[in-house]
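Chemist: This is the structure I have questions about; it appears just below.
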Protein chains: 4
Amino acid sequence: MIVVMNEGATEDQVQAVIDKLMRLDFNVHRSTGVAHTVLGGVGPEDAVEPAEIAVMPGVMDCRRIMSAYKLASRAFRPQGTVVRIGDIEIGGGRVVVMAGPCSVESEAQIEESAALVAAGGARVIRGGAFKPRSSPYSFQGMGEQGLKLLRAAADRHKLAVISEVMDSTQIPLLAEYSDILQVGARNMQNFNLLKELAKLRKPVMLKRGIAATVEEVLLSAEYVLSGGNYDVILCERGIRTFETYTRNTMDVSAIPVLQKLSHLPVVGDPSHGTGRRDLVLPLARAAVAAGADGIIVEVHPDPDRALSDGAQSLKPEQFSEMMQQLRMIAPAIGRSL
Amino acid sequence: MIVVMNEGATEDQVQAVIDKLMRLDFNVHRSTGVAHTVLGGVGPEDAVEPAEIAVMPGVMDCRRIMSAYKLASRAFRPQGTVVRIGDIEIGGGRVVVMAGPCSVESEAQIEESAALVAAGGARVIRGGAFKPRSSPYSFQGMGEQGLKLLRAAADRHKLAVISEVMDSTQIPLLAEYSDILQVGARNMQNFNLLKELAKLRKPVMLKRGIAATVEEVLLSAEYVLSGGNYDVILCERGIRTFETYTRNTMDVSAIPVLQKLSHLPVVGDPSHGTGRRDLVLPLARAAVAAGADGIIVEVHPDPDRALSDGAQSLKPEQFSEMMQQLRMIAPAIGRSL
Amino acid sequence: MIVVMNEGATEDQVQAVIDKLMRLDFNVHRSTGVAHTVLGGVGPEDAVEPAEIAVMPGVMDCRRIMSAYKLASRAFRPQGTVVRIGDIEIGGGRVVVMAGPCSVESEAQIEESAALVAAGGARVIRGGAFKPRSSPYSFQGMGEQGLKLLRAAADRHKLAVISEVMDSTQIPLLAEYSDILQVGARNMQNFNLLKELAKLRKPVMLKRGIAATVEEVLLSAEYVLSGGNYDVILCERGIRTFETYTRNTMDVSAIPVLQKLSHLPVVGDPSHGTGRRDLVLPLARAAVAAGADGIIVEVHPDPDRALSDGAQSLKPEQFSEMMQQLRMIAPAIGRSL
Amino acid sequence: MIVVMNEGATEDQVQAVIDKLMRLDFNVHRSTGVAHTVLGGVGPEDAVEPAEIAVMPGVMDCRRIMSAYKLASRAFRPQGTVVRIGDIEIGGGRVVVMAGPCSVESEAQIEESAALVAAGGARVIRGGAFKPRSSPYSFQGMGEQGLKLLRAAADRHKLAVISEVMDSTQIPLLAEYSDILQVGARNMQNFNLLKELAKLRKPVMLKRGIAATVEEVLLSAEYVLSGGNYDVILCERGIRTFETYTRNTMDVSAIPVLQKLSHLPVVGDPSHGTGRRDLVLPLARAAVAAGADGIIVEVHPDPDRALSDGAQSLKPEQFSEMMQQLRMIAPAIGRSL
């Protein structure tokens, strides 16, 4: 903990901060500059929020030295984590493509989807059975029946499955049908859900919340890791900014930043990152060029008739084109697709 | 639905949009201008996302005419909603103050808190028993024992109780001890939780998510209202912006905006809105001056020793000062405290 | 300067940072913790950007100890600055109201405006002669003729004048007709303009840029102060956020924050802060309740026919109502209007 | 103009809007739905801000049909604009790299820079002579002497020159030494400067402001185009968001979005877009993969001793590595470097 005192802070004010830090079991080093006194506290940084020191009289600023995440940090596993599902490696030398419709809608739709994503070279099929929708009047998903159809179609085409879990009560169901459990952006700080997922022995893909900093993403990952589940994949899927032309602003920089700060693999989601089909290809290319370990995209046999997110779903021929482009880009960063 | 075609859109492109809207049961009016053709569709707006039309070839822009919330809109109940807990009216002529510690920590702490907030003139005591914390290593709350202590202290001082519910499984417990169930900012779009709260016959206070627009706040309220629970209170508690001096940026304008768009009462939370004790008084005054139906603030008998959120908790003497100031301001907008 | 090294940083990496800081004339204190080595550098903080240290190998984080503004900081003049124009004091015991149309449009319009704002109790009239407009096809202002009309109307009604200067070449003209030179939000970091205004002996009102942090506001003020012009007034007028219902999000907290960090007076602008006439009254009340030293609002004799910003201009009767409300609120914070 | 009336709007309110639009020379079409009356106005959209209608009684929402930019829109020149400097084509089949130091610091430094960027394959050298700095105490540039050194070094290595113009008075000087005049992010809405640049017959590169929407970028370009200068290049260089790990958030999506909405070439600036040397390579790759017509990056012979922006300047060997990677990526989008 670093505390900078105001110019003109009194000796009593300095002493009060030192006392507070010592009460919390910090060792305190004091350095007195021309204008400012600076206190360096070494101790249990989790025990106190910097803001609590920052509002004490005479304090100009207080900041943490160490980040509050530990198991998620690169230092914990410098060589990086590879998440394995059968022979698929996420975080290895090959960029993994996950693709499929926003929602499972029918047996025919999911079968057709599985066929086309497998043909294109994707290794994982996505598809939602429970849909978080801003409006209570929108389509809410097929539930367990959707999961069954998804699993069957995946098995026919030798694909792994990723699907979203919306709350703790759904974990057993999702764990039965899906290889990777996705935590959606709105649930990134649903800490009860994260604690339950920590007990599972299946990979979890944690999507960044639309207003979450990279540090908060890593703190949420820490909830899962600290509970004993080390197979966590991070996903950048766009943040909310003042720009409204795109549904979100895909923060492509977050991909290399998360890889620098953490050992966990990072996937990019250009479908939610942009919200528009015509932007998915450029941003999928950008994510792979920036070093993403994988891509998750929405593709639908007939997007104009999709029950949800049709606007951001690729058409089959766009998906093929994307796969070809990504195959050309991956070698620039020493990878293959 | 309003669709504006590009300059130079072909007749086929225009016709494809008309066909899609008609397939969705819209009546379509076409107006052909010098540069742009404009289509006005009247029909079931919930049936389609504007973005799905916006990505069709030749389309420049597509927007909804009607907002997707109905029961939450001012038009549904122009005279406004008053939420009643015993003789307390939220949304009536008196500004209601809710105050108390961030977390229930011990019997002595909550008793002391109840005494001081009651003495100051607050009508509702707040206190968390389950705490959502960004870091898994922080204090997570006392659980049911905390709720019991809170209820007992409130009863001794004739206060109503507000406390946060973190997921659906906690609803029965919270409903037993608390008069108002608070949905935290991180859960504002936890739609499963909202659907369960809709079945309850107790008031719900819905806090705005840190990246939620006012429209999304109202759509979340719609989840609760459409399930049959009409006692919903909205709460502005700060949004995330680029400014980092304050923990959040309290969007004081959202108070009159929500009151204009909706009939539901609106409460301001200057403690979370600013994150700093020294800013709570000015922003509490601002919220009341802007017309808030109530204020919720954190106050602690000894904030320096608080187990959570000490930095933003008022000291007892600051709470008294705030109450005096608010009493002077309320009459400027035709209210009392 | 505080530098925190990564866990596992090598001795060579630590030494490279120490060498760099010493080359820049810093005294460096080293403290070696269990996990992290921390370096505290005391020296000429302006000489280096923290980011330059932050990208060195082995560095986790680097931050400035002292803010880069000095003359603008509260410590420089703890008792606060009062800017005087004749007998008007901005930053004194009375809240100063500045009001008038967005643009000067005609002799009749500005005379009518002056009469109504003087009658309501405002002390300063505002009115633009040169208008910065996002579109090149919008009304661009009356120029010098507008300034003459504004000055004459102000003199007839014993009002001081504030008007916007758009670039350095306009300074002599503005200085001739206006008592306060306003720097618009888009020019807050037009450093050449600020340097020229620093040579003037007239008050300058500096509006916060829509994406400027409070620290950047103070650094821009520092440009004016460091050139010798001490009569600087700051103005909060809304920042850009993801919320689109209002044109900007008025950051009411910035008012007490700027007053805490700086000795300069702070004015609130609810017209630009919200962009909607129906929100100006609540936000004007909020700004005064939060402690603003003044308010600047747009008012027009007939807003429906205004040539610019009609949507956010108050009608005459709304202006009167606002003045009455503000008179009731000011005493709550020990001031009058 | 599309106006949607509130449910329950009175006939008088509807008529008032129709009257206002007709007074402004709009033709108005009325359509009366079950819940809402919708008015479509065809006419001079520049004559009125939608907000002015939006605040009229009974109005729910009002929006423009046509964007306010015309000459900058893709429809004006569907085949796209190619900006030519000698044999360099920006917006053609080759991705153009512009590189060089943040500031010109000395003859040796700029000569060394020119040699290394030419050797790497860049076609344009960048270098600032006048530096906009947030703090008045930072290095402010070498002025005309810097421009001379830059021009001479460029000529020796057959490079074109790009340098920033900070205000109108500097235009003649910049036009003498530089092939492209850069308008910095802080000046993107300095409309007086844009009007003067419109009179020039030299290419202008307009950087996106840190809080500017893509629509505002195009409106600023419109200022230059409408004054007769058609050689405008747009530049995405990062926007301000809540994320603080990077100096800005590079909005990679804005590259294809601007190319879709406009015919003007678009360049990406990963140096300012990220503010950190270690992120420049991934984001340069991402920008090219997303389809940028060019890249502008900071590179310095010895970044640790740079007088400005050293943190984001590439080292010589990083620059070579970047060029090799970009050469591999360009073919994926049908281009070369």
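Chemist: On a 0 to 90° scale, report how tilted helix A:316-329 is relative to the longest principal axis of chain A, with both axes built from alpha carbons and the result rounded to the nearest 10.
Modeler: 50
Chemist: Something else now. Less than 9 Å Cβ to Cβ from B:LEU261, Lys/Arg counted +1 and Asp/Glu -1: what total charge do the surrounding residues give?
Modeler: Around B:LEU261, the surrounding residues sum to +1.
Chemist: Rounding to the nearest 10 and keeping the result within 0 to 90°, find how far the Cα-based axis of helix A:11-23 lies from the longest principal axis of chain A.
Modeler: In chain A, helix A:11-23 runs at an angle near 50 degrees to the longest axis.
Chemist: Along Cα-to-Cβ, 7 Å out, sits the label point; list in nm, shortest first, how far the one on A:GLU11 is from those in the other copies.
Modeler: Inter-copy label distances (nm, one decimal, shortest first): 4.0, 8.5, 9.3.
Chemist: Rg and Dmax of chain D, Cα atoms, in Å?
Modeler: Looking at chain D, its Cα Rg and Dmax stand at 23.0, 76 Å.
Chemist: Next question, about the same structure. Where does the charge balance sit around A:ARG23 when Lys and Arg score +1, Asp and Glu -1, over other residues with C-beta under 14 Å from its C-beta?
Modeler: -3
Chemist: Mind checking which chain D residue has its Cβ closest to the axis relating D to C, and how many whole Å off it is?
Modeler: Taking the axis that maps D onto C, the answer comes out as D:ALA211, 2.
Chemist: Would you work out which of C:GLY121, C:GLY91, C:GLN79 lies farthest towards the positive end of the dipole of segment C:74-168, given +1 charges on the beta-carbon of Lys and Arg and -1 on that of Asp and Glu, about the Cα centre?
Modeler: Comparing the listed Cα positions along the dipole, C:GLN79 ranks first.
Chemist: Can you give the local net charge around D:GLN140? Use residues other than it whose beta-carbon is closer than 11 angstrom to its beta-carbon, Lys and Arg +1, Asp and Glu -1.
Modeler: So the environment of D:GLN140 carries a net charge of +3.
Chemist: Where is the GNM fluctuation largest for chain A (alpha-carbon springs, 10 angstrom cutoff): A:ILE296, A:ILE210, A:ILE53?
Modeler: Answer for the Gaussian network model of chain A: A:ILE53.
Chemist: Between segment C:225-251 and segment A:86-149, what's the alpha-carbon centroid distance in Å?
Modeler: 47
Chemist: Using only C-alpha atoms and all pairs of different ones, pull out the Kirkwood radius for segment B:129-285 in Å with one decimal.
Modeler: In segment B:129-285 this quantity evaluates to 16.3 Å.
Chemist: Right, next: State to the nearest 20 debye the size of the charge dipole of segment D:170-300 about its Cα centre, where the only charges are +1 on K and R beta carbons and -1 on D and E beta carbons.
Modeler: 140
Chemist: Given a 10 angstrom Cα cut-off, can you work out which residue in B:ALA54, B:ALA153, B:ALA198 is the most mobile in a GNM of chain B?
Modeler: Taking springs between Cα atoms under 10 Å, the residue moving most is B:ALA54.
Chemist: If you don't mind, there's one more thing I want to ask. Along Cα→Cβ at 7 Å, what distances in nm separate the B:THR169 label point from those on the other copies, shortest first?
Modeler: 1.1, 7.0, 7.1
Chemist: May I pose another question? Assuming R0 = 60 Å, what is the FRET efficiency of C:GLU111 and B:ILE18, from their Cβ-Cβ distance, to the nearest 0.05?
Modeler: E between C:GLU111 and B:ILE18, to the nearest 0.05, is 0.65.
Chemist: Rounded to the nearest 0.05, what FRET efficiency do D:GLN145 and A:ASP25 give with R0 = 56 Å and r taken as the Cβ-Cβ distance? Could you check?
Modeler: E(calc), rounded to 0.05, equals 0.45.
Chemist: Other chains' Cβ within 10 Å of C:296-304 residues: what's the mean?
Modeler: 1
Chemist: Another question, then. Based on the alpha-carbon gyration tensor of segment B:50-162 and its eigenvalue square roots a ≥ b ≥ c, which shape applies: rounded if a/c is under 1.5, prolate if not and a/b is larger than b/c, or oblate?
Modeler: It is oblate, given that a/c is not under 1.5 and a/b is not larger than b/c.
Chemist: Summing -39500 (n - 2.57) over the DSSP H runs of n ≥ 4 in the protein assembly as shown and dividing by its residue number, what mean residue ellipticity at 222 nm do you reach, to the nearest 500 deg cm²/dmol?
Modeler: Computed mean residue ellipticity for the protein assembly as shown: -10000 deg cm²/dmol.
Chemist: In whole Hz, what ³J(HN,Hα) sequence does segment C:236-245 give by Karplus (6.51, -1.76, 1.60; θ = phi - 60°), x for Gly and Pro?
Modeler: Rounded to whole hertz, the list is 8, 9, x, 10, 8, 9, 6, 6, 10, 4.
Chemist: Would you kindly derive the ³J(HN,Hα) couplings of segment C:172-177 from the backbone phi angles with the Karplus curve 6.51 cos²θ - 1.76 cosθ + 1.60 (θ = phi - 60°), listing them in order in whole Hz, with x for Gly and Pro?
Modeler: So the Karplus estimates, Gly and Pro as x, are x, 4, 5, 5, 6, 9 Hz.
Chemist: Per 5 Å bin, what percent of the C-alpha pairs of segment A:130-176 does each bin hold, from zero upward?
Modeler: It works out to 5, 19, 27, 22, 16, 8, 2, 0, in whole percents.
Chemist: Indicate the gyration tensor shape class of the protein assembly as shown (rounded, prolate or oblate), computed on the Cα atoms with a ≥ b ≥ c the square roots of the eigenvalues: a/c under 1.5 is rounded; otherwise a/b larger than b/c is prolate and the rest oblate.
Modeler: Here the protein assembly as shown falls in the rounded category.
Chemist: Can you compute the charge dipole magnitude of the protein assembly as shown about its Cα centre, using +1 on each Lys and Arg Cβ and -1 on each Asp and Glu Cβ, nothing else charged? Give it in debye, rounded to the nearest 20.
Modeler: Approximately 0 debye in magnitude.
Chemist: What are the label-to-label distances in nm, one decimal and shortest first, from D:ARG30 to the same spot in the other copies, with labels 7 Å along Cα to Cβ?
Modeler: D:ARG30 label point versus its equivalents elsewhere: 2.4, 7.9, 8.3 nm.
Chemist: Suppose every Lys and Arg Cβ carries +1 and every Asp and Glu Cβ carries -1, with no other charges. What dipole size does segment D:105-161 come out with about its Cα centre, to the nearest 20 debye?
Modeler: For segment D:105-161, the charge dipole is close to 240 debye.
Chemist: Could you point to the residue in B:VAL161, B:ILE171, B:VAL252 farthest towards the positive end of segment B:143-283's charge dipole, with +1 and -1 charges on the Cβ of Lys/Arg and Asp/Glu respectively?
Modeler: B:VAL161
Chemist: Near the amide H of D:ILE296, under 5 Å away, which other amide H atoms are found, from residues 5 or more places off or on another chain, if H is placed in the peptide plane?
Modeler: Answer set, sorted by chain and number: D:MET98, D:GLY268, D:ASP269.
Chemist: For chain A, find the longest principal axis of its Cα atoms and tell me its angle to the long axis of helix A:214-226, 0 to 90°, nearest 10.
Modeler: Computed tilt is about 80 degrees.
Chemist: Pop the C-beta distance of B:ASP304 and A:LYS195 into the FRET formula with R0 = 22 Å and round what comes out to the nearest 0.05.
Modeler: That gives a FRET efficiency of 0.15.
Chemist: In whole Hz, with x marking every Gly and Pro, tabulate ³J(HN,Hα) for segment C:193-204 from phi via Karplus 6.51 cos²θ - 1.76 cosθ + 1.60, θ = phi - 60°.
Modeler: Here the 3J(HN,Hα) series is 4, 4, 5, 5, 5, 5, 7, 7, 10, 9, x, 10 Hz.
Chemist: For a quick check: with amide H placed at 1.01 Å from N, whose amide H comes under 5 Å from B:GLN182's, ignoring anything fewer than 5 positions away on the same chain?
Modeler: B:SER163, B:GLU164, B:VAL165, B:MET205
Chemist: Please list the non-local residues whose amide H lies under 5 Å from the amide H of C:VAL59, H modeled 1.01 Å from N, same-chain partners needing a gap of 5 or more.
Modeler: C:ASN6
Read-outs: derived from the displayed coordinates by stated rules, not from any lab. Just so it is clear, the model here is predicted, and its values are computed rather than measured. Heads up, the Cβs are rebuilt from the backbone with ideal geometry, glycines too, and the neighbour counts pull from every protein chain shown.
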